[in-house]
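Okay, structure first, notes after.
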Amino acid sequence: MEYTSTRDNSRRVTAAEAIVEGISREGGLFVPAEMPALTGEDLLALSKLDYTRRAVRVLSRFLTDWTEAELAAAVEAAYGGDRFEEGDPAPLSRIGEGEYLLELWHGPTCAFKDMALQLLPKLLPAAAQKSGCREEIAILVATSGDTGKAALEGFRDVPGTRIMVFYPEDGVSRMQKRQMTTQQGGNVAVMGIRGNFDDAQSGVKAIFGDPGMAETLRKRGFVLSSANSINWGRLVPQIVYYISAYCQLLADGELQPGEEVNFCVPTGNFGNILAGYYAKQMGLPVKMLLCASNRNNVLTDFIATGVYDRNRSFYTTTSPSMDILISSNLERLVYLLAGKSDTATRQRMDSLRETGVYRLEEPELAALRREFYGGCCDDEAAAETIRATFERCSYLCDPHTAVAVNVWEEYRRATGDRTKTVILSTASPCKFADTVLAALGRPVPEDDFRRLAALEEAAGLTAPASLAALQNAPCRFPEVCAPGEMGERVLAFLQVAE
Ligand SMILES: *Cc1c(COP(=O)(O)O)cnc(C)c1O
């Protein structure tokens with residue numbers, strides 16, 4: 001199967017090339033030239049398999065330059081053994097009539113990013129080999145909290161790779177910061193920046209777009225790649241869990257063949273929900289995709305009006321992984337809405353860069369609103385949802401998941417839609433113990449690990465071992481830099497002189 005670019009339809013690359021390059025050279029994102037189709041029979045067949053075998057089947061439709069045996073080995077290495085706590089990497093939990101939570105945080109870093117970032121490091125070295133790339137791969141990541149840790153954990157000591165992560169100094173939770181700055185591994189670096197996530201993301205994009213930098217690195221035997229959610233290798237593992245969740249509900253008799261479901265997704269960079277849209281494009285019976293935002297509600301406005309306008313205040317919220325004003329993956333949706341027009345997509349992205357705004361045409365907006373609903377809630381409402389959901393069904397949500405639960409409840413009240421709905425639960429509540437304790441009306445101890453203990457006690461749960469183990473981990477990466485210094489820091493990490 002071939003991939004093309006959202007900004008240049010004449011580009012044709014293999015899956016391996018798309019994964020190695022990360023972003024197309026003219027700045028566009030790689031997308032499948034054609035969407036593989038999934039029939040009702042396929043879904044029934046998949047419903048009889050376990051998660052890893054479903055993953056191999058779905059991935060093999062997109063990663064056609066891998067053999068089935070190679071994919072099976074990669075999937076087993078990513079999700080097998082004890083990498084994921086529960087045996088099932090993505091367990092479903094029923095919290096009400098036709099209401100389910102899909103837990104995507106049982107991996108090593110306790111957020112849904114592990115679903116993709118455990119697999120990507122198994123795909124990327126193979127992709128480099130398949131596309132004839134001989135250089136060492138230098139991965140740069142901008143993170144709003146969870147991606148950074150998941151990427152570090154996925155790529156640590158993977159031969160032929162180095163990884164450097166930039167995070168907003170004051171834009172991540174204390175536990176997230178601790179997870180990253182204590183990272184083990186001989187090929188890793190972590191750096192705070194004085195700015196917000198968009199500054200970090202723009203900085204990384206600027207490095208990728210700098211031909212001088214690429215040339216300097218290539219001479220020294222490095223090629224840059226991205227583990228951000230714009231990389232096709234990040235998106236494709238996410239398509240799997242939408243399909244798998246549906247198949248699981250079929251297998252459990254919760255859904256009839258062909259019955260439609262909604263998915264409600266706490267959204268930041270639009271990577272997670274976009275994977276759901278791709279699953280729908282393949283033929284998964286999905287009615288609505290509910291896009292849930294926090295107070296940074298640029299996407300809610302976009303879905304309501306067709307105008308994407310990033311010229312607004314940026315808020316730091318209790319759901320930091322959704323504190324984003326430029327949702328990079330939206331470009332892939334805009335491309336599809338524009339009937340795969342690279343020209344229209346390029347113009348809009350130029351307009352976004354130059355003015356911070358772009359708008360959809362009327363028919364595109366109508367098409368968007370047929371399939372997406374946008375909703376948002378602030379920190380106070382999210383906290384109230386954490387409390388109420390715990391009381392109602394003894395389910396403890398993290399603050400990101402709470403935003404989705406809130407938006408789903410609001411949607412159901414507003415529309416009366418009784419379609420069964422899967423809400424994506426994207427992080428362990430233990431990653432955000434302060435917010436969750438406060439929401440439950442409990443005192444919040446000063447020390448991070450006292451907080452964990454207090455949460456365990458308040459909610460009757462056991463914190464993931466990987467978080468508890470951080471207590472005695474020394475800080476390896478205390479450094480902070482200005483956004484303008486990111487390029488130099490990358491060169492210093494790779495020990496390349498300008
Ligand atoms: C990254 C993240 C999100 C947002 O996902 P996107 O793919 O960026 O839209 C939501 N919740 C949590 C916990 C996350 O880590």
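Computed in the context of the full set of protein chains, the accessible area of region 104-190 at 1.4 Å probe radius has 43% of its extent on carbon or sulfur.
In region 11-75, the portion of solvent-accessible area held by carbon and sulfur atoms comes to 53 percent [1.4 Å probe, whole percent, DNA, RNA and ligands not counted]. With all pairs of different C-alpha atoms in the average, the Kirkwood value for the hydrodynamic radius of region 45-88 is 10.8 Å.
Does a label point 7 Å from the Cα of residue 94, set along Cα-to-beta-carbon, have any residues of region 235-251 with amide nitrogen under 14 Å, and which are they? Once the point is set 7 Å along Cα→Cβ of residue 94, 248-251 turn out to lie under 14 Å by backbone N, inside region 235-251. Remark: relative contact order (region 27-171) = 16 percent; criterion is Cα-Cα distance under 8 angstrom and separation of 6 or more residues.
Beyond 18 Å, the tail of the calculated P(r) for region 186-286 holds 63 percent of the Cα pairs. Grab the beta carbon distance between residue 256 and residue 362, set R0 = 51 Å, and tell me the FRET efficiency rounded to 0.05. Plugging the Cβ-Cβ distance into 1/(1 + (r/R0)^6) gives 0.90. In region 17-152, the alpha-carbon atoms span a convex hull of 158 Å³ per residue.
Extension gain, residue 475 to residue 53: 0.36 nm times the residue separation minus the Cα-Cα distance gives 148.1 nm. In this structure, the residue pairs whose Cα-Cα separation is over 26 Å, taken from 130/340; 287/340; 113/205; 122/205, are 130/340. Label positions at residue 347 and residue 442, each projected 7 Å from the Cα along the C-beta direction, are separated by 5.5 nm. Based on every Cα atom in region 159-206, Rg and the maximum pairwise Cα distance Dmax equal 11.5, 32 Å.
In a reduced charge model with +1 at each Lys and Arg Cβ and -1 at each Asp and Glu Cβ, the chain shows a dipole moment near 620 debye about its Cα centre. Placing dummy labels 7 Å off each Cα toward the beta-carbon, the span from residue 305 to residue 495 is 5.3 nm. Could you work out the mean projected area of the convex hull around the alpha carbons of the chain, in square nanometres to one decimal? Over all viewing directions, the chain projects a mean Cα-hull area of 21.1 nm².
Normalising the Debye intensity of region 312-469 to I(0), with uniform scatterers on Cα atoms only, and taking log10 at q = 0.10, 0.19, 0.20 Å⁻¹ returns -0.51, -1.16, -1.23.
Within region 416-439, list the residues whose amide N lies under 14 Å from a label point set 7 Å along Cα→Cβ of residue 456. Flagged as within label range: 430-431.
Rolling a 1.4 Å probe across the protein heavy atoms gives the chain an accessible surface of 37 Å² per residue.
For region 396-498, the normalised intensity computed at q = 0.10, 0.20, 0.22 Å⁻¹ comes to -0.51, -0.99, -1.08 (log10 of I(q)/I(0), Debye sum over alpha carbons, equal scatterers, no solvent).
The values are calculated or read from the model by the stated rules, or taken from the named source; none is laboratory data. Just so it is clear, the model here is predicted, and its values are computed rather than measured. A quick note on method: Cβ atoms are made from the backbone with ideal geometry, for glycine too, and the neighbour counts reach across all protein chains shown. With ligands, DNA and RNA removed, areas are computed over all heavy atoms of the protein, side chains included. Shrake-Rupley method; radii C 1.70, N 1.55, O 1.52, S 1.80 Å.
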